[in-house]
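So the structure is just underneath, and the comments pick up after that.
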Amino acid sequence: MAAINFAADWALERNVKIKVLSDSKSSIEAIRSTKVKYNFVLSVKDNLYNAKDLVSLVWVKDHAGNPGNEQADHFAKIASSCGADMPIPVLYSYVKRVCEEHKRNSTVSKSGLID
């Protein structure tokens, strides 16, 4: 979803028409949904609305041999190993829930450390 947002910003800044192909069905569904749970999704929706005449969003099946999608996956793997940070806001409630789930699923060893 961050890449979709980046693409919308890019198109707006340059006033160019683009087609964004995404294999993230969950991102596209979140963008299309009328019920928004997260501010980040709302921000992406706003960006896409502002760029509605410039950006078209298309879902493509992942791992289906689409050369462009395979290349995008390849570069995404490279980028994820570079360690560049991309600030994406996370709700406190989400972090708290994940920590609580981890705590419930962890065991304490004899040394008192969580495994």
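In segment 13-53, which residue that is in contact (Cβ under 8 Å) with a residue 40 or more places away in the chain and part of a helix (DSSP H, G or I) is farthest from Leu91 (Cα to Cα)?
At the first step, the residues of segment 13-53 found to be in contact (Cβ under 8 Å) with a residue 40 or more places away in the chain are 21, 23, 38-41, 44, 47-48, 50-51.
Narrowing the set further to residues that are part of a helix (DSSP H, G or I) leaves 39-41, 44, 47-48, 50.
Working: Asn39: 9, Phe40: 10, Val41: 12, Val44: 16, Asn47: 20, Leu48: 22, Asn50: 25 Å.
Result: Asn50.
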Fill in: segment 81-92, subset over 21 Å from Ala8 (Cβ atoms) and loosely packed, with under 10 Cβ neighbours inside 10 Å, residue modelled with the lowest pLDDT
Gly83
Response to the item:
Residue count, segment 1-25, condition polar (S, T, N, Q), surrounded by fewer than 18 Cβ atoms within 10 Å (Cβ to Cβ) and at pLDDT 90 or above, comes to 1
Worksheet, complete the sentence: Val95 passes all but one of the listed conditions (1) within 27 Å of Asn15 (Cβ to Cβ); (2) among the hydrophobic types (A, V, I, L, M, F, W, C); (3) at pLDDT 70 or above; the exception is number (1)
Worksheet item: Tally time: how many residues in segment 54-72 are surrounded by fewer than 17 Cβ atoms within 10 Å (Cβ to Cβ) and part of a loop (DSSP other than H, G, I, E, B)?
Response: 7
Practice prompt. Return the pairs, sorted by first residue and then second, in which the second residue is surrounded by 10 or more Cβ atoms within 10 Å (Cβ to Cβ) and at pLDDT 75 or above, the first residue lies in segment 59-75 and is over 22 Å from Arg32 (Cα atoms), the beta carbons are less than 6 Å apart, and the residues are 6+ apart or on different chains.
Written response: Asn66/Val60
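The values are calculated or read from the model by the stated rules, or taken from the named source; none is laboratory data. Just so we're clear, the structure is a prediction, and the values are computed from it rather than from any experiment. All Cβ positions, even for glycine, are placed from backbone atoms using ideal geometry, and neighbour counts span all protein chains on display.
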